[in-house]
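Student: One structure, as structure tokens, below. Some questions next.
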Amino acid sequence: MPDNTREGSSARFVDGAIPAGLLAAVRSQRPLVHHITNGVTINDCANITICAGAAPVMAEAPEEVAGMVAAAGALVLNIGTLSAAQVEAMLIAGRRANELGIPVVLDPVGVGATEFRTATARKLLDTLDIAVLKGNAGEIGVLAGTGGSVRGVDSGGVAGDPVETARECARSTGTVVSMTGAVDVVTDGSRVFLVGNGNPAMDRLSGTGCMASSVTAAFVAVAEDYAVASAAALAAFGLAGEWGAAGARGPYTFRTALFDELAGLSPDDLAGHARIEER
Ligand SMILES: Nc1ncnc2c1ncn2[C@@H]1O[C@H](COP(=O)(O)OP(=O)(O)O)[C@@H](O)[C@H]1O
Ligand SMILES: Cc1ncsc1CCOP(=O)(O)O
Ligand SMILES: [Mg+2]
């Protein structure tokens, strides 16, 4: 892990049995994950949800989202290709999820790139009780208000220390923040988990951030501790990325392998290879 996330820390590894137990719970409970998401990666999100062991449904008509979310274990709101109608649907579904105690995962794709995305992400955070805010570094920096750079949907990084940025964002939004990158930072504002699993190939494929949100939702659906569940989800997804990259010839063989490795990942695999540090 990079020095900037280790410096001055008294880190200890989280027992691999914890993420393993959560993966086993996803596989046995097979929670329904309701997505209101973008049109670019929607099919990847459906299939990675299945590979994690959960069941996806994509539904965004304002007329039906309250009914659909009532059957779900978690709701994903992903603002990647927003429209006014989608914002209306997100608010209806999110309010119903909150009434029913169903965790909501917000992926603020491209926040900061346009005023519409920024205003919508803020409105969702202000109106709804968001369980996990999962974004790349630039997106979390924008929402933390401490400085983040976003071009299109890509992160240009944060202005200051990444761990402090994530922590500030968690405190100011009242959510668990799951900030992805070469090392993922997950924090509820006090505890900090650093996830070392992953491979640079994941950064060269559109949709890995969206898929990380889907896998996160599958894990939070079966957990009470959303920070631990978010870290466990990123460890599982990252490990699939590591093993998928090993035999890949390029981005598209990697993509196929990423799905196959997650589908084949056992709780024992995760117990032995998850790299989650708490500090
Ligand atoms: N350089 C990297 N090394 C290892 N894993 C990475 C790297 N970049 C991204 N990832 C992983 O890819 C997934 C998507 O992260 P990221 O690229 O930050 O999101 P986004 O696609 O939203 O920009 C996460 O699971 C993250 O851990
Ligand atoms: C390219 C693009 N444009 C709008 S949504 C989207 C997909 C973003 O996916 P990710 O952030 O997971 O790479
Ligand atoms: Mg990416």
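The values are calculated or read from the model by the stated rules, or taken from the named source; none is laboratory data. No experiment lies behind these values; they were computed from the predicted model shown. All Cβ positions, glycine included, derive from the backbone under ideal geometry; neighbour counts span all protein chains shown. SASA here: full protein model, heavy atoms, side chains in, ligands and nucleic acids out. Shrake-Rupley method; radii C 1.70, N 1.55, O 1.52, S 1.80 Å.
Student: Considering region 255-279 alone, what residues qualify as being out of contact with any Pro (no Cβ under 6 Å at 6 or more places or on another chain), in contact (Cβ under 8 Å) with a residue 40 or more places away in the chain, assigned to a helix (DSSP H, G or I) and closer than 24 Å to LEU194 by Cβ?
Tutor: Listed by number, the residues that qualify are LEU258, LEU262, PRO267, ASP268, ALA271, GLY272, HIS273.
Listed here are the residues, each with its yes/no results for (1) touching a helix residue (DSSP H, G or I) at 6+ places or on another chain (Cβ under 7 Å); (2) modelled with pLDDT under 95.
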residue: LEU239; (1), (2): yes, no
residue: GLU242; (1), (2): no, no
residue: ALA246; (1), (2): no, no
residue: TYR252; (1), (2): no, no
residue: ALA257; (1), (2): yes, no
residue: ALA263; (1), (2): yes, no
residue: PRO267; (1), (2): yes, no
residue: ARG279; (1), (2): no, yes
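Student: Let me ask another. Can you go through ALA182, ALA212 and tell me which one is open to solvent by less than 10 Å² (accessible area, probe 1.4 Å) and either within 24 Å of GLY138 (Cβ to Cβ) or away from ligand 1 (no atom under 16 Å from the Cβ) (or both)?
Tutor: It is ALA212.
Student: Restricting the first residue to region 194-214 and requiring it to be more than 17 Å from THR81 (Cβ to Cβ), which pairs with a second residue that is polar (S, T, N, Q) and within 8 Å of ligand 2 (Cβ to nearest atom) meet a Cβ separation below 8 Å and a spacing of at least six or different chains?
Tutor: Final answer for the pair search is MET202/THR208.
Student: Now, a different point. Suppose we filter region 150-179 for residues that are open to solvent by 30 Å² or more (accessible area, probe 1.4 Å), in a strand (DSSP E or B) and away from ligand 2 (no atom under 15 Å from the Cβ); how many remain?
Tutor: The total comes to 1.
Student: Restricting to region 48-59, count the residues that are in a loop (DSSP other than H, G, I, E, B) and buried (at least 21 other Cβ atoms within 10 Å of the Cβ).
Tutor: Going through region 48-59 one residue at a time, the tally reaches 2.
Student: Which residues, taken from region 83-105, are open to solvent by 30 Å² or more (accessible area, probe 1.4 Å) and either part of a helix (DSSP H, G or I) or among the hydrophobic types (A, V, I, L, M, F, W, C) (or both)?
Tutor: Scanning region 83-105 gives ALA84, ALA85, GLU88, ILE92, ARG95, ARG96, ASN98, GLU99, LEU100.
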